[in-house]
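The values are calculated or read from the model by the stated rules, or taken from the named source; none is laboratory data. Quantities reported herein were computed from a predicted structural model and do not represent experimental measurements. Positions of Cβ are backbone-derived with ideal geometry, glycine not excepted, and every protein chain shown enters the neighbour counts.
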């Protein structure tokens, strides 16, 4: 009987370890919160991940396009995402953990604003304070400092919707002015854990 009991302890121990490991992974997935900007060629693709759910904003030309899956699907699978809501960049969405309206969003305690072609001629007496400004859609900026007419920011983000020569020019200017920046076009994605 003791010999049989010894052989039963090994599989039971392995089963308990596997169960504990799976429970840990499930707990981490339920607790996950990320803001992601993907390198999607000539377009803008942003996701907010909360637990097993994902909300994605994109250029309207991407809706229904397989390019979305190519850019983000492996990342979503690795996080165990079961639901992905798709929206255009112009859509407003508000939930308990975030809001996004007029190309501006707050995700937990981080604020993101999009800066595109339509924002080039905007000037404000009191610039809006945000953590990140995503420069998208290839705006015709004379200088990166034009963005400061609209936003007080900590970090600029350039995505793949901008031409590479403009991004290189903006990066050079950011380096000269000691402005923090992220170039998503040279990476698969930029992920911020919240």
Between a first residue in region 91-108 that is in contact (Cβ under 8 Å) with a residue 40 or more places away in the chain and a second residue that is loosely packed, with under 14 Cβ neighbours inside 10 Å, which pairs have beta carbons less than 9 Å apart while being 6 or more apart in sequence or on different chains? 97/108; 98/108; 100/92; 100/94; 105/99; 107/99
Hey, does region 90-97 have a residue that's over 18 Å from residue 55 (Cβ atoms), in the same structural domain as residue 49 (by TED's automatic domain parsing) and surrounded by 12 or more Cβ atoms within 10 Å (Cβ to Cβ)? no
Anything in region 105-129 that is touching a strand residue (DSSP E or B) at 6+ places or on another chain (Cβ under 8 Å) and farther than 22 Å from residue 39 by Cβ? List them, or say none. 106, 108, 111, 127, 128, 129
